[in-house]
There are 2 protein chains.
Amino acid sequence: MVKKRVTLKDIAAEVGVHVSTVSRALDPALSDTLTPEVVTKIRDTADSLGYRPNRIAAGLRTNRTMTVGVMIPDITNVIFPPILRGIESVLEPLGYATIIVNTDSEAERENRLLNVLRDRGVDGIIHAAVLLSDPCITHAAEDGVPVVTLNRMVENSRIPYVINDEEAGVRGMLQHLIGLGHRRIAHLAGPQHLSTGQLRQAAFRKVAEELALDLDERLIVEASRFDEAEGRRAATDLLASGARFTAILCANDRLALGAIDGLAAQGLACPADVSVTGFNDMSFLELIRPRLTTVRIQQYDAGRTAADVLLKLIAAETGTETGAEAPLETILPVELVIRDSTARCADS
Amino acid sequence: MVKKRVTLKDIAAEVGVHVSTVSRALDPALSDTLTPEVVTKIRDTADSLGYRPNRIAAGLRTNRTMTVGVMIPDITNVIFPPILRGIESVLEPLGYATIIVNTDSEAERENRLLNVLRDRGVDGIIHAAVLLSDPCITHAAEDGVPVVTLNRMVENSRIPYVINDEEAGVRGMLQHLIGLGHRRIAHLAGPQHLSTGQLRQAAFRKVAEELALDLDERLIVEASRFDEAEGRRAATDLLASGARFTAILCANDRLALGAIDGLAAQGLACPADVSVTGFNDMSFLELIRPRLTTVRIQQYDAGRTAADVLLKLIAAETGTETGAEAPLETILPVELVIRDSTARCADS
DNA sequence: CCGCTTCACGCAAACGATTGCGTAATGAGG
DNA sequence: CCTCATTACGCAATCGTTTGCGTGAAGCGG
């Protein structure tokens with residue numbers, strides 16, 4: 001039933017040469033040490049027999065599997081699929097396969113899945129975490145496995161990271177709101193144990209001061225999750241605090257959608273009464289009314305870039321000195337997307 | 001720099017036994033052929049040294065890699081991530097890793113990626129295609145690679161498939177609409193080269209006849225893609241045809257959203273003037289107004305089921321006769337989700 | 001005390017590809 | 001005609017595990 005795979009030995013027997021000769025003939029880098037006739041003869045019979053190299057066997061010998069691991073919190077989170085396609089767009093044409101694992105942001109799972117990847121001898125790992133603390137990936141890096149992190153950095157390590165320019169996004173958004181006459185701007189922050197939640201709040205505080213906004217502590221509320229329910233809850237709390245505001249800069253799109261809902265429940269319309277902004281520009285956002293003004297994160301490009309960096313690390317690891325060193329830090333630009341959820345401040 | 005991995009040989013040297021003994025001690029199925037003391041001694045030093053089995057080497061010997069391939073058209077299509085989590089929920093606890101590839105529904109890519117999977121010796125493949133015709137996966141199946149298809153079946157083959165009960169979904173939806181007094185119901189069909197597009201249209205025709213609806217050919221229009229723009233276009237065409245209708249059953253959610261938009265552009269409100277229904281119940285749907293009445297496909301369960309079937313195939317392949325034969329056909333139930341886009345027929 | 005079985009472990013050959021090294025054969029130069 | 005370099009390929013070890021088979025020792029019954 002199970003057809004046996006064609007191996008180098010089969011080709012060698014067919015052509016009448018040694019398997020090592022076949023191996024060399026099939027390797028473009030080595031085939032020029034052989035007689036051209038032999039090479040063509042071998043190659044012809046190779047694909048007439050339908051030969052496919054066994055990467056398992058090659059991997060055992062060479063310690064390279066042409067497989068990389070990608071660790072993400074949860075593939076059903078809409079921000080990750082574009083990242084994965086970006087990674088794939090770089091790696092797949094080079095013959096790499098990617099093993100994707102979902103950590104659910106649980107340390108125990110992360111450890112287990114890291115082993116799943118290492119046991120399979122992946123050539124490198126792209127780690128798109130959201131938690132601020134997860135030490136186990138550093139172990140892998142210390143053991144010599146090429147690692148790149150995405151969306152966050154590991155402090156005090158030499159692990160290259162690719163992040164988005166969150167601060168530029170916050171700045172652009174605040175400038176946009178100020179341009180519309182808003183002065184009292186609230187921040188609906190994300191969970192502070194997540195890197196984006198923390199980074200964006202820090203950026204908000206910094207830029208708000210820079211731009212000389214009235215920074216009232218009551219205007220900063222934290223959500224405990226990045227979802228609509230928490231957005232609604234936080235917006236309601238914000239109103240209950242009694243602090244005046246005419247706009248809310250939310251740490252992500254889902255919080256913003258929930259906030260708009262919460263405001264509506266209290267009789268406040270967006271954008272007529274309050275302007276609300278999101279972050280990420282997730283898919284399907286343009287179908288939801290009011291169409292959200294947000295900061296577009298280039299997820300696809302982030303994936304591409306992370307893959308590029310990883311390739312450089314792998315090249316360095318294998319001694320293939322290409323000259324191009326892997327950059328420790330890559331900060332990707334973000335883009336302001338102005339839609340319908342922001343309007344001129346009614347109070348001004 | 002690169003820390004050498006601990007191998008069986010290292011453990012053997014440490015304990016003072018042969019590597020084969022170590023191999024057996026570490027295999028729960030074989031460890032009872034050894035002296036208990038030796039087994040514990042070996043296991044203790046194994047994890048004191050931090051031993052991790054090299055699956056590459058084991059795979060070369062055993063032809064099992066504990067890795068499965070998953071082929072999908074496009075991970076950024078929101079229906080696939082839940083499927084993948086479903087697959088993972090079954091396979092990951094058993095120690096399997098999954099290599100996910102995106103075919104973009106291109107035959108050439110599919111062929112290439114199939115080789116990527118086979119070269120890495122995957123133990124099985126789950127193939128979640130949408131195209132009606134893609135022969136290359138059958139080659140793999142014929143070569144003895146366990147294959148399960150999801151969302152579609154390959155005719156005239158022994159390849160097990162897992163599909164959703166599209167017909168029950170269409171029937172439930174039509175009965176719902178009829179219950180609301182609708183009689184002239186249009187069908188906005190999906191692309192007919194895609195399995196769901198074709199299956200749902202066939203079901204619509206069959207059930208409409210069953211339920212004695214006025215089946216006007218002008219009431220069936222086909223979209224060339226599953227997106228909002230085509231939904232809008234098709235709805236506009238439907239109106240232009242002059243055929244009367246009070247409801248539209250759409251072949252998927254995105255078409256329905258586009259259709260509602262197209263109707264609105266012509267001054268027709270949903271559900272006041274026309275009821276519109278979707279299919280799939282994709283994520284974020286409940287955030288879009290009007291909240292769409294739709295048929296929920298259990299994507300997660302579909303993934304789980306496909307993985308279960310694949311495991312049975314793999315068990316059969318390896319001679320591990322567990323008694324449970326892999327079913328050729330699995331039809332999963334669907335669920336009617338009634339929201340706000342359907343209302344009592346105004347004409348009745 | 002001998003011969004048998006049983007037990008517990010070692011030996012070595014796979015698995016398929018890669019690669020350093022060895023070595024025939026060829027050619028050229030003196 | 002001999003020497004030596006070069007070319008073109010073969011030999012065999014290697015990667016880490018698995019596994020059929022062999023074997024020494026222990027145990028046991030007669």
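The values are calculated or read from the model by the stated rules, or taken from the named source; none is laboratory data. Nothing here was measured: the structure is a model prediction, and the numbers come from that model. No Cβ is skipped: glycine too gets one built from the backbone with ideal geometry, and neighbour counts run over all protein chains shown. Only protein heavy atoms, including side chains, enter the accessible area calculation; ligands, DNA and RNA are left aside. Shrake-Rupley method; radii C 1.70, N 1.55, O 1.52, S 1.80 Å.
Can you tell me which residue is surrounded by the fewest Cβ atoms within 10 Å (Cβ to Cβ) among those in segment B:289-302 that are charged (D, E, K, R) and modelled with pLDDT of 95 or more? Reasoning before the result, please.
Filtering segment B:289-302 down to residues charged (D, E, K, R) leaves B:289, B:291, B:296, B:301.
Cutting the leftovers down to modelled with pLDDT of 95 or more gives us B:291, B:296, B:301.
Values: B:Arg291: 14, B:Arg296: 18, B:Asp301: 17.
Filtering segment B:289-302 for residues that are charged (D, E, K, R) and modelled with pLDDT of 95 or more, the one surrounded by the fewest Cβ atoms within 10 Å (Cβ to Cβ) comes out as B:Arg291.
Looking at segment A:303-321, can you tell me whether even one residue there is out of contact with any strand residue (DSSP E or B) (no Cβ under 8 Å at 6 or more places or on another chain), in a loop (DSSP other than H, G, I, E, B) and in contact (Cβ under 8 Å) with a residue 12 or more places away in the chain?
yes
Given the options B:Ser89, B:Ser105, name the one that is part of a loop (DSSP other than H, G, I, E, B) and more than 11 Å from DNA strand D (Cβ to nearest atom).
Values: B:Ser89 fails: part of a loop (DSSP other than H, G, I, E, B).
Step by step, each of B:Ser89, B:Ser105 is checked, and only B:Ser105 is part of a loop (DSSP other than H, G, I, E, B) and more than 11 Å from DNA strand D (Cβ to nearest atom).
Filter segment B:229-242 down to the residues that are farther than 9 Å from B:Ala259 by Cβ and either within 14 Å of another protein chain (Cβ to nearest Cβ) or open to solvent by less than 10 Å² (accessible area, probe 1.4 Å) (or both) and list them by number.
Hit for segment B:229-242 is B:Ala229, nothing else.
Kindly provide the set of residues from segment B:303-321 that are within 14 Å of chain A (Cβ to nearest Cβ), crowded, with 18+ Cβ neighbours inside 10 Å and among the small types (Gly, Ala, Ser), ordered by number.
If the condition is that a residue be within 14 Å of chain A (Cβ to nearest Cβ), crowded, with 18+ Cβ neighbours inside 10 Å and among the small types (Gly, Ala, Ser), then B:Gly303 is the only one that fits.
For the list (1) touching a residue at least 60 places away in the same chain (Cβ under 8 Å); (2) closer than 21 Å to B:Arg152 by Cα; (3) of a type in the set (Ser, Thr, Tyr), I need the number of the one condition that B:Thr277 fails.
It is condition (2) that B:Thr277 fails.
Filter segment B:81-97 down to the residues that are surrounded by fewer than 24 Cβ atoms within 10 Å (Cβ to Cβ) and of a type in the set (A, V, I, L, M, F, W, C), then identify the one that is nearest to B:Ile126 (Cα to Cα).
B:Val90
Could you list, in sequence order, the residues of segment B:1-24 that are within 8 Å of DNA strand C (Cβ to nearest atom) and either within 14 Å of chain A (Cβ to nearest Cβ) or free of Cβ contacts under 8 Å to residues at least 24 places away in the same chain (or both)? Quick ask: steps written out before the conclusion?
Going residue by residue through segment B:1-24, those that are within 8 Å of DNA strand C (Cβ to nearest atom) are B:12, B:16-24.
Across segment B:1-24, the qualifying residues are B:Ala12, B:Gly16, B:His18, B:Val19, B:Ser20, B:Thr21, B:Ser23, B:Arg24.
Checking B:Asp119 against (1) within 12 Å of chain A (Cβ to nearest Cβ); (2) of a type in the set (D, E, K, R); (3) within 22 Å of the chain's Cα centre (by Cα); (4) open to solvent by less than 40 Å² (accessible area, probe 1.4 Å), which test does it fail?
Going through the list (1) within 12 Å of chain A (Cβ to nearest Cβ); (2) of a type in the set (D, E, K, R); (3) within 22 Å of the chain's Cα centre (by Cα); (4) open to solvent by less than 40 Å² (accessible area, probe 1.4 Å), B:Asp119 breaks only (3).
Report, by residue number, each residue of segment A:21-37 that is crowded, with 17+ Cβ neighbours inside 10 Å and either β-branched (Val, Ile, Thr) or within 24 Å of B:Thr318 (Cβ to Cβ) (or both).
A:Thr21, A:Val22
Looking at (1) modelled with pLDDT of 95 or more; (2) open to solvent by 30 Å² or more (accessible area, probe 1.4 Å), can you tell me which one B:Leu332 breaks?
(2)
Scan segment A:48-81 residue by residue and report those that are over 30 Å from A:Phe279 (Cβ atoms) and in a helix (DSSP H, G or I).
To start, the set of residues in segment A:48-81 that are over 30 Å from A:Phe279 (Cβ atoms) comprises A:48-67.
Hits for segment A:48-81 are A:Ser48, A:Arg55, A:Ile56, A:Ala57, A:Ala58, A:Gly59, A:Leu60, A:Arg61, A:Thr62.
Residues A:Gly124, A:Gly169: which one is within 12 Å of A:Met71 (Cα to Cα), small (Gly, Ala, Ser) and either open to solvent by 20 Å² or more (accessible area, probe 1.4 Å) or under 18 Å from the mean Cα position of the chain (by Cα) (or both)? Please lay out each step first, then the result.
Numbers: A:Gly169 fails: within 12 Å of A:Met71 (Cα to Cα).
After ruling out the rest, the residue left standing is A:Gly124.
Would segment A:110-117 turn up any residue that is among the acidic types (Asp, Glu) and either within 16 Å of DNA strand C (Cβ to nearest atom) or under 20 Å from A:Ile11 (Cα atoms) (or both)? Can you show your working first?
Of segment A:110-117, the ones among the acidic types (Asp, Glu) are A:110.
So of that shortlist, the ones also either within 16 Å of DNA strand C (Cβ to nearest atom) or under 20 Å from A:Ile11 (Cα atoms) (or both) come out as none.
No, segment A:110-117 contains no residue that is among the acidic types (Asp, Glu) and either within 16 Å of DNA strand C (Cβ to nearest atom) or under 20 Å from A:Ile11 (Cα atoms) (or both).
Residue-wise test of (1) of a type outside the set (Gly, Ala, Ser); (2) not assigned by TED's automatic domain parsing to the domain that holds B:Asp119.
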{"residue": "B:Ala13", "(1), (2)": "no, yes"}
{"residue": "B:Ser23", "(1), (2)": "no, yes"}
{"residue": "B:Leu26", "(1), (2)": "yes, yes"}
{"residue": "B:Asp32", "(1), (2)": "yes, yes"}
{"residue": "B:Thr40", "(1), (2)": "yes, yes"}
{"residue": "B:Asp47", "(1), (2)": "yes, yes"}
{"residue": "B:Ile75", "(1), (2)": "yes, no"}
{"residue": "B:Pro82", "(1), (2)": "yes, no"}
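In segment B:1-20, how many residues are touching a helix residue (DSSP H, G or I) at 6+ places or on another chain (Cβ under 6 Å), under 16 Å from B:Asn54 (Cβ atoms) and open to solvent by 90 Å² or more (accessible area, probe 1.4 Å)?
1
Which residue out of B:Lys41, B:Lys9, B:Lys4 is near DNA strand D (Cβ under 8 Å from one of its atoms), of a type in the set (D, E, K, R) and assigned to a helix (DSSP H, G or I)? Write out each step before concluding.
Numbers: B:Lys41 fails: near DNA strand D (Cβ under 8 Å from one of its atoms); B:Lys4 fails: assigned to a helix (DSSP H, G or I).
The unique qualifying residue is B:Lys9.
Of the residues B:Thr40, B:Thr45, B:Thr35, only one is more than 14 Å from every other protein chain (Cβ to nearest Cβ), polar (S, T, N, Q) and near DNA strand C (Cβ under 10 Å from one of its atoms); which?
Details: B:Thr40 fails: near DNA strand C (Cβ under 10 Å from one of its atoms); B:Thr45 fails: near DNA strand C (Cβ under 10 Å from one of its atoms).
Answer to the check: B:Thr35.
I'm told A:Asn102 meets every condition in (1) over 12 Å from the mean Cα position of the chain (by Cα); (2) buried (at least 22 other Cβ atoms within 10 Å of the Cβ); (3) more than 8 Å from chain B (Cβ to nearest Cβ); (4) not hydrophobic (A, V, I, L, M, F, W, C) except one. Can you identify the failing condition by its number?
For A:Asn102, the failing item is (3).
Give the residue that is farthest from DNA strand D (Cβ to nearest atom), with candidates limited to residues of segment A:59-70 that are at the interface with another protein chain (Cβ under 10 Å from one of its Cβ atoms) and open to solvent by less than 50 Å² (accessible area, probe 1.4 Å).
So the residue we want is A:Val70.
Within segment A:26-45, track down each residue that is in contact with a helix residue (DSSP H, G or I) (Cβ under 8 Å, 6 or more places away or on another chain) and more than 23 Å from A:Arg64 (Cα to Cα).
A:Thr33, A:Leu34, A:Val38, A:Val39, A:Lys41, A:Ile42, A:Arg43, A:Thr45
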